[in-house]
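Trainee: Mind looking over this structure? Questions follow.
The values are calculated or read from the model by the stated rules, or taken from the named source; none is laboratory data. Everything quoted here is computed from the prediction, not taken from an experiment. Methodologically, a virtual Cβ is constructed for each residue, glycine included, from the backbone with ideal geometry; neighbour enumeration extends over all protein chains shown. With ligands, DNA and RNA removed, areas are computed over all heavy atoms of the protein, side chains included. Shrake-Rupley method; radii C 1.70, N 1.55, O 1.52, S 1.80 Å.
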Amino acid sequence: MIMKNINSMTLYVPQMNCASCVAKIEGAFEKLSQPGEGAKLVARVNLADKQVHIQGDISSELAIVTVASVGYDSELVLDAKLASEKKIQAERVEYRTRIIQSMLGLGLGVPMMLWGLLGGEMMVNNPSQQLAWGVMGIITFILLVTTGGHFYKGMWRALKARSTNMDTLIVLGTTTAWAYSMLVVIMPSWFPAETRHVYFEASVMILGLINLGHALELRAKGKTSEAVQRLIGLQSTTAIRLTDSGDEEVKIAQIQLGDKLRLQPGSRVALDGEVLSGESNLNESMLTGEPIPVTKSIGDMLSAGTVNGNGSIIYRVTAGLTDTRLSKIIDLVQQAQTSKMPIGRLTDKISAYFVPAVVIIALIASVVWYLVGPAPQISHALVVLTSVLIIACPCALGLATPMSIMVSVGRAAQMGVLIKNGEALQTASKVTCVVLDKTGTITSGKPSVTDIRLLDSYDGGSESGSQASASEQFLFLVASLEQHSEHPLAQAMLDEAKTRELSLVEPDRFNNIQGKGIVGIVSGVELAIGNMSLMVMENISGVDALQDEVETLALLGKTPVYVAQDGCLVGVIAISDPVKPDAKEAIAALKRAGKRVILLSGDKQETVQAVADEVGIDEVIAGVLPEQKQAKIIELKESGEVVAMVGDGINDAPALMSADVGIAMGSGTEVAIESADLTLLTGRLSVLADTFALANASMRNIKQNLFGAFIYNSLGIPVAAGVLFPLTGILLSPVIAGAAMALSSLTVVTNANRLRHVKLSR
């Protein structure tokens, strides 16, 4: 049902950690994409999940080499569940490592800083101080290597790729502070007496604070991907396969298309399949958000990841592991999480030049302080250089947009909504007009019997009527004849008979009259079932007897089916496509949110108007062809509306494509789903208002993150450069700069996580 690009792959890049990493990796793939040579190669980086999703004609080997060319190791993701488990384990190890590293750095740095604050000597003016600080220099060097080794490795990878990254700033800042201090210890005579200050505590404290920030960030990031992890966790690892020698438990990878599997009570469906025998109720809420279990019997389709009830089922596998509905949903969610928003593209452009620019700013600022600053110039220059390099790390900037997208798309998936890309999420936040198709969107898309109106004189027409009510005998005769009809309304009557558990018989005679109805004989009773034209053609008497009821039913949008026995009208069956139970509430929620709501349908005016009146829609456009639907969408857009189109049929595809945001019902056709930007996996319309509310909350969250990140860097760099010194006489400590940098990233991640709990319903 949901198509997947066959020329796509995902790489896991564990060393990615800032916005410049994203820019370099995407830039490397852009260079491979030559214009005029087939499909464009597109690489989307998910910094929050450390993944690169690549679409286009490229081998996995070349993709890995391309990532390596800019200084990063990567590996191909083949099994989403295995990769997820591996990533979680790696992050647990990294979390413990960063906590230990931060404890070591802060364990030494804090006492050294307190020593200085409480009046201890931080200068080197005699041999004893030289020896004492020399020992501390060696200890801090060991800590630089052990607690900051990963930063040095990251900088080295970047240098080999002739680029820079966040690690470059951290290494330059901490190493400069340590190297200056060590030079003071080794050769104090080279420095004026007032500049013989050591900054060993700044080096280790900065690393300790940054490692602590990374650890807390890892912990918070884990929460952002909970929705996808939960989806991945729905995938089974084994299944029970039926063989000639009996049942056997096998791994999913060993199962072939066409294999027969046994679904035991309480077990998960391993792979998509078709029921061959048995019946049970399955909980599909984890995929659709629909809380009511769905009955499955012979011929019905099963979706991987859904949970069986108390029945036992044997089913035939119809899709491999990577082609199940669940795997495609996971793939679409992950693609959406790696997608770009227009609001985030400015960040990418800035990040590409950010690190080199910061290095230049830091050097210029330190030179200015050295040349024209107050004494001790060299110490002030060093503090400025280190503070600017540390505070400018673009972690928060790089995380601002992707973290919010990741949480939003994940939460939408939990609601039963698939968002194909971040741009659709941004556009959905601006929607002013929601256009809904009728059949399959407002209504269930499955005609059903709503009323049976009989003449007062009708008694069943045969002796068997004494065994049942008149209406059931009436329906028994009608449904028995309708068994041979291919008309869509015939199925509604058969479904009603099945619901009432009526045992049907074969008709003695059957004839289909095209465009009018059917005639035949059942249990000796001559029947004519159809529209008014059939009644006229068959010279049926008493057709005016139920005319008032017919007119009332028509006003309610119901289709009357006339039934005559032995030449006389005896009753009318009303059939309609019932409105979804939550449709009225969903429309009211959209209106409360300030949306203009329009019902757009190809059905006749009376039927569409009746449905609109029932659910509370004021604007109705009926009797339109597919191209007219599309034209109306374009007309609304030209009038200044930001339009969301909701539909489910092939005839809705042009309108879905033309709308600013196309929303397909997951129960609809594959063409409609492929044409849409969002897919509602559940048939419930109530998630529509929640989807728009989530889009609005997401955009507010992203703007908050970007504002915070831009303000942080815009104000942080000048403050670190010393612009406030003339007013306050205080320079920003490198230690405070390191703490601020770590806190900014943590703030962005924490703010994004608020979307997991934001209240949507109003």
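Trainee: Sort 517-528, 299-310 by the packing proxy (mean of other Cβ within 10 Å over each peptide's residues), most packed first.
Mentor: In decreasing order of mean packing, 517-528, 299-310 become 517-528, 299-310.
Trainee: Another question, then. Whenever you get a sec, compute what percent of the accessible area on the chain sits on carbon and sulfur atoms (1.4 Å probe). Can you show the working numbers first?
Mentor: Details: 18830 of 32900 Å².
Reported share for carbon and sulfur atoms: 57 percent.
Trainee: Here is a further query. Over the alpha-carbon set of the stretch 470-536, work out the extent along each principal axis and list the three values in angstrom, largest first.
Mentor: 31, 25, 20
Trainee: Step by step: find N for the chain, compute 2.2 N^0.38 Å, then divide the Cα radius of gyration by it. What's the final number? Before the final figure, lay out the partial values.
Mentor: Values: Rg = 34.8 Å, N = 762, 2.2 N^0.38 = 27.4 Å.
Compactness ratio reported: 1.27.
Trainee: A further question follows. When only the heavy atoms of the protein chains count and the probe is 1.4 Å, how do Val359, Val550, Val93 rank by accessible area, highest first?
Mentor: Numbers: Val359 35, Val550 10, Val93 65 Å².
Heavy-atom accessible area, descending, gives Val93, Val359, Val550.
Trainee: What number comes out for accessible area per residue over the chain if the probe is 1.4 Å? Units Å², please. Walk me through the numbers on the way to the answer.
Mentor: Numbers: 32900 Å² over 762 residues.
About 43 Å² of surface per residue is accessible.
Trainee: Rank by packing, highest mean first: peptides 407-413, 601-607, with packing defined as the count of other Cβ atoms within 10 Å averaged across residues. Working shown, then result.
Mentor: Working: 407-413: 26.4, 601-607: 18.1.
Result, highest mean first: 407-413, 601-607.
Trainee: Let me ask something else. Rounded to whole Hz and in sequence order, give me ³J(HN,Hα) for the stretch 171-182 from the Karplus expression 6.51 cos²θ - 1.76 cosθ + 1.60, θ = phi - 60°, writing x for Gly and Pro.
Mentor: Those phi angles translate into 5, 4, x, 6, 5, 4, 4, 5, 5, 4, 4, 5 Hz.
Trainee: How much accessible surface does Thr559 have with a 1.4 Å probe, in Å² rounded to 10?
Mentor: Approximately 60 Å² for this residue.
Trainee: A further question on this structure: Run down the aspartates and glutamates and flag those whose C-alpha is under 17 Å from the C-alpha of Lys328, throwing out any fewer than 8 positions away in its chain.
Mentor: Excluding near neighbours in sequence, the set is Asp79, Asp272, Glu284, Glu670, Glu674, Asp677.
Trainee: Under a 5 Å amide H to amide H cut-off, with H placed in plane at 1.01 Å, what residues pair with Val597 once short-range neighbours are removed?
Mentor: Residues meeting the amide H criterion: Val434.
Trainee: Given the DSSP H assignment, sum -39500 (n - 2.57) over each helix run of at least 4 residues in the chain and divide by its residue total; what's the result at 222 nm in deg cm²/dmol, nearest 500? Don't skip to the answer; put the middle values down first.
Mentor: Details: 25 runs with 386 residues, N = 762.
Taken over the chain, the calculation gives -16500 deg cm²/dmol.
Trainee: Can you work out the Karplus-derived ³J(HN,Hα) for every residue in the stretch 269-283? Use 6.51 cos²θ - 1.76 cosθ + 1.60 with θ = phi - 60°, whole Hz, and x for glycine or proline.
Mentor: Coupling constants for the stretch 269-283: 5, 6, 9, 4, x, 10, 5, 9, 7, x, 8, 6, 9, 10, 8 Hz.
Trainee: Note the angle between two axes, namely the Cα long axis of helix 470-482 and the longest principal axis of the Cα atoms of the chain, as a number of degrees from 0 to 90, rounded to the nearest 10.
Mentor: 80
Trainee: Taking the chain as the reference, fit the longest principal axis to its C-alpha atoms, fit the long axis of helix 325-338 to the helix C-alpha atoms, and give the angle between the two in degrees, 0 to 90, nearest 10.
Mentor: Approximately 40 degrees, to the nearest 10.
Trainee: Over 31 Å between Cα atoms: which of Lys580/Lys703; Lys446/Lys595; Lys50/Lys580; Lys430/Lys632; Lys438/Lys637; Lys632/Lys759 fall into that group? Please list the in-between numbers first.
Mentor: Working: Lys580/Lys703 36 Å; Lys446/Lys595 28 Å; Lys50/Lys580 41 Å; Lys430/Lys632 19 Å; Lys438/Lys637 21 Å; Lys632/Lys759 34 Å.
Lys580/Lys703; Lys50/Lys580; Lys632/Lys759, as the Cα separations exceed 31 Å there.
Trainee: Would you mind classifying the stretch 449-564 by shape? Square roots of the alpha carbon gyration tensor eigenvalues, ordered a ≥ b ≥ c; an a/c under 1.5 is rounded, otherwise it is prolate if a/b is larger than b/c and oblate if not. Mind dumping the intermediate values first?
Mentor: On the way: a/c = 1.30, a/b = 1.18, b/c = 1.10.
Since a/c stays below 1.5, the shape of the stretch 449-564 is classed as rounded.
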